[in-house]
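The values are calculated or read from the model by the stated rules, or taken from the named source; none is laboratory data. Given the structure is predicted, the values throughout are model-derived calculations rather than measurements. Virtual Cβ from ideal backbone geometry, glycine too; neighbours counted across all protein chains shown.
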Amino acid sequence: MKHRPISMRHAFDFAWPTFKKRFGLFTAVLLTILAAWVVLEIVVIAGQRFGIVLWAAMHLAFLIFFAGVELGLLQICRALRDGKVPAFADAFAYLPLGPKFLAAQILYLLMVVIGLLLLIVPGVYLGVRYALVGFCFADGETDLRRCFQQSALLTKGATANASGTDAQVCATGPAPGWALATLA
């Protein structure tokens, strides 16, 4: 993966019109995640008599499903960036990679939380340094160690820009944020 710097203006100029043009696709993917969450809640409430085992199993299944669909959404954003025409089914093409992607996200979260517990600065540093781990994973690298190494290489020397991108992604919301972050 070759690093190519991009301005936030260029990213917004691409992401917002793309989001508006493909609003139905983004909405369908996000509604699918919402529907999966509703099913999770119904099963958990209906199965309360089965105890914590059902609760834990259903939440783990949901998180794996969510991670797989999130990876599919990242791939949809990448396809749009490359000028392709993705379909709704593309959101489910990466479900088998859901467990590994979830593991990468949990590892990233633990690193940031531990860094924040030690001091604020290490947490922010780790958060920015490894912020692109999900995108490296979506780019086809499924070895978690290499994903973290690649993220560190991509953000080396661009800590301020990466912090700004993270803030922009949080400010724009999930769908346009992912499209925007795919470019950055």
Mind checking whether some residue in the stretch 98-112 is surrounded by 15 or more Cβ atoms within 10 Å (Cβ to Cβ) and of a type in the set (S, T, N, Q)? yes
Would you mention how many residues in the stretch 48-91 are under 30 Å from LYS21 (Cα atoms) and surrounded by fewer than 14 Cβ atoms within 10 Å (Cβ to Cβ)? 7
Does ALA57 satisfy the condition of being part of a helix (DSSP H, G or I), within 26 Å of PRO99 (Cα to Cα), among the hydrophobic types (A, V, I, L, M, F, W, C) and under 21 Å from the mean Cα position of the chain (by Cα)? no
Confirm whether ILE33 is aliphatic (A, V, I, L, M), exposed (fewer than 12 other Cβ atoms within 10 Å of the Cβ) and over 23 Å from GLN150 (Cβ atoms). no
Say whether the condition of being at pLDDT below 75, more than 22 Å from ARG81 (Cβ to Cβ) and part of a helix (DSSP H, G or I) is met by at least one residue in the stretch 105-115. yes
So, in the stretch 141-155, how many residues would count as being surrounded by fewer than 17 Cβ atoms within 10 Å (Cβ to Cβ) and either at pLDDT 75 or above or not in a loop (DSSP other than H, G, I, E, B) (or both)? 6
Output for the stretch 86-95, where each listed residue is of a type in the set (Gly, Ala, Ser) and assigned to a loop (DSSP other than H, G, I, E, B): ALA87, ALA93
Test each condition in (1) part of a helix (DSSP H, G or I); (2) at pLDDT below 90; (3) not basic (Lys, Arg) for GLY83 and report the one that comes out false. (1)
Does the stretch 57-68 contain at least one residue that is within 22 Å of GLN150 (Cβ to Cβ) and touching a residue at least 12 places away in the same chain (Cβ under 8 Å)? yes
Filtering the stretch 124-153 down to residues that are over 25 Å from ILE76 (Cβ atoms) and either under 13 Å from the mean Cα position of the chain (by Cα) or not small (Gly, Ala, Ser) (or both) yields VAL124, TYR125, LEU126, VAL128, ARG129, ARG145, GLN149, LEU153
Is there any pair linking a residue in the stretch 73-98 that is free of Cβ contacts under 8 Å to residues at least 24 places away in the same chain to one that is among the hydrophobic types (A, V, I, L, M, F, W, C) and outside any helix (DSSP H, G or I), with Cβ under 9 Å and at least six apart or on different chains, and which? ALA79/VAL85
Filter the stretch 114-151 down to the residues that are polar (S, T, N, Q) and out of contact with any Asp or Glu (no Cβ under 7 Å at 6 or more places or on another chain) and list them by number. THR142, GLN149, SER151
Among the residues of the stretch 2-19, are any free of Cβ contacts under 8 Å to residues at least 24 places away in the same chain and closer than 23 Å to ALA103 by Cα? no
